[in-house]
Amino acid sequence: MKSSAAALKLRESREIQGDVLAGFRKDQMTLLFLKFQDEAKARRWLKGLIPQISTTRQVAAFNKSFSDARRHSGGDDPGAMNATWINVSFTHPGLKFLTGGKEPIPGNPAPGTTRAFKEGAAYRAGINGDTGDNSPEDWLFGNSVGEEVHAVLTVAADRPQDLRAALTNQREDAVRNKVLIIFQQDAATLPVPRRGHEHFGFKDGVSEPAVRGFDEADPADPDYEHGKPGTRIIPAGEFVIGEERASEHLSAVPEWALNGSFQVVRRLAQDVPGWWAQVREQLEVLKERKAVDRGATAEWLAARMVGRWRSGTPVAKCPDAENFSDPDAATDNDLSFKDDPDGLLTPLFSHIRKCNPRDGLVDGGELVDEKFMARRRMIRRGAPYGQPFDPAGGQGCGPDSPRGLLFISYQADLVTQFEFCQQAWVNDPDFPHGRGNPDDPDGDRTPGRDPMIGLESEIAFEGESGTTKVTFGQFVRTEGGVYTIVPSMTTLKRLSGGRLPDNLVVCAPTVFKAGDTVDSGQARLVMEKDGNLVVRGRGGKVRWSTNTPGKGNQAVFQRDGNLVVKDKKGKTVWQSDTAGRKGARLVVQTDGNVAIYSNSNGKPVWHTDTAV
């Protein structure tokens, strides 16, 4: 049983840029970090670039044909199939420059993704652990003291010569339009036998999520992808703004962000010899304390730090040694931590449990249902840069040569996805929570930070003899970072004309709790603590109200397009009477009006009549 074409409608999208959902999947990739110098010429540059942008429809069709050909050839890459893809993204200053200095985010954005995007990666460095040696002032791009990044151009190709040709064209277009290339970051798949692995030596990209509406569901279990056991399907709205989400928390975005995705780009330098040296050092400490068997190897300990062996085989399935001949490598993502709550097999500090706890998260004594992890997932499209570490490899292969990971992620919410994972999971030594014991220091089982990518930390190694604490230093350093938006094709066309729609959009399902506010400047939609949903004008005066006083009330913009206010018992005490319009959007307009628009036409089906 195959999924219908209608069920996989996102594969046909000509609006979403191609790397977000489909993924370029190229061996060669370069990112150009750009700064505009002339407003009119920058818009001219963008107008000429738009026809070259790769859409989801194009990339998805190519990737399917490539995969089919590879399968029919017994696993060899089809040499005659080659493509070059281009996508573009913009920082907040870049959007502002292209629109003549007009602020692209209306009103006063509440704490959340639009504010994070506006403030940028350098400003929010502390949240992500980018302090000390990771501080923005030392970054190669996106820092707070160097050239300001306005746009990021991604160029990817199967063959080096095709990438070079495309980059030559892009450089010429940039010069003609006074677009300054302030940094170039090259990345490429590592050569055999390291192909598909990152520089520490571990297979990368094993745990990528599937996307509802893009990836085919398993007929026997629609929550997972067909043919990829263990790969949970996540609602598309967690990656593409405006699609249906997994959660109901308030998220208001500018209208121009619809069908786009927020992008995080980070250059993460990896000290490969340093990382492996500390693995060997800490292994000896564990042996001296009789926490591990005397026969344990550095490979064994490194696999526990990551949660997988180098091949990608999970420790949860093969705890004793790597299985190089596993015929079920396709099931490497099909694993469970439910029977390992204390991390005796796959440590709680391991990279894969810190970044994706799956079904084994016992937080504060409670087992967390895996479905609640959906709002934390990201799509990653990173690639290694630099030559592999090889003391005998010659120039570029030594211990001091630049190498690392070009980290790229796509998400609909910078705060609840990327920043949350960095702050609350990867770099929080007390995650999972509830394992510390301040009254008994010897019984402290606080897991520690992620020893693969996190800050320096003492970790709790759990063994049959109890908990043993060892310290792991930081050997991944941030050397650059930006927050951007990957706009839809419609938004790119508008942006090339120097204009952007400036209303704020709330997509269903969304719950407004007491105090939640969406501010467009002329109108503030507020769920008041007294139980009323109101529209306040610029001066704060109430211009419209549901007249539903009641402590504990919540407003809900439902999937069916109806806006309702419910009391604390769940009873509807007010509604907009707009049910039956799935896909409708609640819009807080800059003219002061608040309206609900259906997908079927351009006129509101309900509004507060508060335009000024």
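The values are calculated or read from the model by the stated rules, or taken from the named source; none is laboratory data. In this text, all values refer to a predicted model and were calculated from it rather than measured experimentally. Counting neighbours? That spans all protein chains shown, and the Cβs are built from the backbone with ideal geometry, glycine included.
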* Restricting to segment 480-503, what's the tally of residues that are under 22 Å from the mean Cα position of the chain (by Cα), buried (at least 21 other Cβ atoms within 10 Å of the Cβ) and of a type outside the set (Ser, Thr, Tyr)? -> 7
* Asked: Pairs under 6 Å by beta carbon, first residue free of Cβ contacts under 8 Å to residues at least 24 places away in the same chain in segment 382-405, partner among the polar types (S, T, N, Q) and part of a loop (DSSP other than H, G, I, E, B), six or more apart or different chains?
  -> Gly396/Gln387; Cys397/Gln387
* Asked: In segment 59-70, is there at least one residue being without any contact (Cβ under 8 Å) to a residue 40 or more places away in the chain, crowded, with 20+ Cβ neighbours inside 10 Å and touching an Asp or Glu at 6+ places or on another chain (Cβ under 8 Å)?
  -> no
* Sort out which residues of segment 33-79 are part of a helix (DSSP H, G or I) and among the acidic types (Asp, Glu), and write them in order of number. => Glu39, Asp68
* Structure fact -> Residue pairs within 8 Å by beta carbon, gap of at least six or interchain, first lying in segment 412-434 and within 14 Å of Asn356 (Cα to Cα), second of a type in the set (A, V, I, L, M) and assigned to a loop (DSSP other than H, G, I, E, B), listed first then second, are Gln417/Met378; Phe418/Met378; Cys421/Met378; Val426/Ile453; Asn427/Leu455; Pro432/Leu348; Pro432/Leu361
* Asked: Counting only residues that are surrounded by fewer than 18 Cβ atoms within 10 Å (Cβ to Cβ) and in contact with a helix residue (DSSP H, G or I) (Cβ under 8 Å, 6 or more places away or on another chain), which one in segment 94-114 is farthest from Leu492 (Cα to Cα)?
  -> Pro111
* **Output for segment 122-142, where each listed residue is assigned to a helix (DSSP H, G or I), surrounded by 15 or more Cβ atoms within 10 Å (Cβ to Cβ) and out of contact with any Pro (no Cβ under 8 Å at 6 or more places or on another chain)** => Ile127, Asn128, Asn134, Pro136, Asp138
* Asked: When the residues of segment 570-584 are filtered to those that are at pLDDT below 95 and not small (Gly, Ala, Ser), which remaining residue is nearest to the chain's Cα centre (by Cα)?
  -> Lys582
* Asked: Quick one: which strands (runs of 3 or more DSSP E) sit completely within segment 205-270 and have at least 3 residues that are of a type in the set (A, V, I, L, M) and free of Cβ contacts under 8 Å to residues at least 12 places away in the same chain?
  -> none
* List the number of the failed condition for Glu15; all other conditions in (1) assigned to a loop (DSSP other than H, G, I, E, B); (2) in contact (Cβ under 8 Å) with a residue 40 or more places away in the chain; (3) under 23 Å from Glu225 (Cα atoms); (4) of a type outside the set (Lys, Arg) hold. => (3)
* Asked: Among the listed residues Ala392, Ala424, which satisfies the condition of being under 30 Å from Gly237 (Cα atoms) and among the small types (Gly, Ala, Ser)?
  -> Ala424
* In segment 170-183, which residues are at negative phi and either surrounded by fewer than 13 Cβ atoms within 10 Å (Cβ to Cβ) or part of a loop (DSSP other than H, G, I, E, B) (or both)? -> Glu172, Val175, Arg176, Asn177
* Asked: Identify, please: which residue in segment 463-481 is part of a strand (DSSP E or B) and in contact with a Lys or Arg (Cβ under 7 Å, 6 or more places away or on another chain) and is, among those, nearest to Val265 (Cα to Cα)?
  -> Gly481
* Asked: Pro384: outside any loop (DSSP other than H, G, I, E, B) and not aromatic (Phe, Trp, Tyr), yes or no?
  -> yes
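Within segment 357-370, is even one residue under 15 Å from the mean Cα position of the chain (by Cα), touching a residue at least 40 places away in the same chain (Cβ under 8 Å) and part of a loop (DSSP other than H, G, I, E, B)?
Residues of segment 357-370 under 15 Å from the mean Cα position of the chain (by Cα): none.
No, segment 357-370 has no match at all.
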* To do: Please give the number of the condition Ser409 fails out of (1) in a loop (DSSP other than H, G, I, E, B); (2) within 21 Å of Asp204 (Cα to Cα).
  => (1)
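Restricting attention to segment 504-524, which residues are outside any strand (DSSP E or B) and within 21 Å of the chain's Cα centre (by Cα)?
The initial filter retains those residues of segment 504-524 that are outside any strand (DSSP E or B), namely 508-509, 513-516, 520-523.
Residues satisfying the conditions are Ala508, Pro509.
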* Asked: Among Val285, Val253, which is the only one that is outside the structural domain of Asp450 (by TED's automatic domain parsing) and β-branched (Val, Ile, Thr)?
  -> Val253
* Asked: If you check Ala252, Ala269, which single one turns out to be within 25 Å of the chain's Cα centre (by Cα), small (Gly, Ala, Ser) and within 30 Å of Arg581 (Cβ to Cβ)?
  -> Ala252
* **Unique match (being assigned to a loop (DSSP other than H, G, I, E, B), touching a Phe, Trp or Tyr at 6+ places or on another chain (Cβ under 9 Å) and at pLDDT 95 or above) among Lys26, Lys102** => Lys26
* To do: Can you tell me which residue within segment 507-521, out of those that are in contact (Cβ under 8 Å) with a residue 60 or more places away in the chain and surrounded by fewer than 21 Cβ atoms within 10 Å (Cβ to Cβ), is nearest to Glu12 (Cα to Cα)?
  => Pro509
